[in-house]
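Beneath this line is the structure, given in structure tokens, with notes to follow.
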């Protein structure tokens, strides 16, 4: 990542833009599709929805706003003020947008509705998580537990949602709860896809008799770096040099052409690498 791009990703305008857009998209999914279908989302918004369904109290957005108060008190104590400010903006935008949105996405098939709900909410959440903040709610607690006790965010959400849906089975129609679980699963997959969409890289390992020639062409024609790794062949015990290159999907075919044009007998190994930090790639987020 160039210094200019790095500055943009840390700018207030960029982060607030991501948070406002992502939170509004989530609110559309929750209000226009989730509430009419009776879905129970995961996380703190799921608790807010369940309270609303069972008590009819006020508005889900307002309940979510109230439940976030203790979360942000904890965040103020244990996490940076910048992270907390961005997360507060997300929570506020989601709550207010949910209150003012007044239309529905009409889908009669419950399975189609669950998948569509998961894609919309997951896309919105993924956009927010590309900023230096979070979606508020349990994200704040999850970050605290991760920093202090090294508890993975995925494990935390898994156990929390297990408890939430166990209680939902006792309180709501079973078919509806299962549809909600499908929706939450689709949401998680979509979030992961959004986070890796622009960061996904390929790790290429090239075993050839002409590593220097290939490296020179990669650096001159593709304008990217490469690394030599010393290795020893297991059968002949012959020393070799393995060339390692990190590229994106678009560059993959071009690299393949350079490798086999230089040495038709090369071995070309490619692995998916979802996140590459440092050097000229993405910089580590500092909350």
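Grab the Cα-Cα distance for residue 103 and residue 270, subtract it from 0.36 nm times how many residues apart they are, and report the gain in nm with one decimal.
Residue separation times 0.36 nm, minus the Cα-Cα distance, leaves 55.5 nm.
Please give the per residue volume of the convex hull enclosing the alpha carbon atoms of the stretch 43-104, rounded to a whole number of Å³.
Numbers: hull volume 5.2 nm³, N = 62.
Taking only Cα atoms, the stretch 43-104 has a hull volume of 84 Å³ per residue.
Taking a point 7 Å from the Cα of residue 241 along the Cα-to-Cβ direction, the residues of the stretch 194-225 with backbone N closer than 12 Å to it are 208-217. One compactness figure for the chain is 1.25, namely its Cα radius of gyration divided by 2.2 N^0.38 Å.
Would you kindly calculate the translational diffusion coefficient of the stretch 171-234, applying Stokes-Einstein with the Kirkwood radius from alpha carbon pairs, for 10 °C and a viscosity of 1.306 mPa s, and quote it in µm² s⁻¹ without decimals? All intermediate terms of the calculation are to be shown ahead of the outcome.
Working: Rh = 16.5 Å.
My calculation gives 96 µm²/s for D.
Using only Cα atoms, tell me the angle between helix 174-196 and the longest principal axis of the chain; keep it within 0 to 90° and round to the nearest 10. The angle comes out near 40 degrees. Kirkwood-type hydrodynamic radius, the stretch 202-258: 11.8 Å, calculated from all non-identical alpha-carbon pairs. For the chain, the longest principal axis of the Cα atoms and the long axis of helix 110-129 meet at an angle of about 70 degrees.
Label sites at residue 12 and residue 158, each approximated as a point 7 angstrom past Cα along Cα to Cβ, lie 4.0 nm apart. Largest mean-square fluctuation among 212, 26, 37, in a Gaussian network model of the chain whose springs join Cα atoms under 10 Å apart, belongs to 212.
Could you state, as a whole-number percent, how many of the C-alpha pairs of the stretch 105-240 are farther apart than 25 Å? Each step should come with its number before you reach the end.
Values: 4883 of 9180 pairs.
Pairs farther apart than 25 Å: 53 percent.
Could you work out how far helix 138-149 tilts from the main Cα principal axis of the chain, as a 0 to 90 degree angle to the nearest 10? Value to nearest ten degrees: 50.
Bear in mind that the values in this text are calculations on the coordinates, not laboratory data. Note that this is a predicted model, so its numbers are computed, not measured. Reconstructed Cβ throughout: ideal geometry from the backbone, glycine too, with neighbour counts over all protein chains shown.
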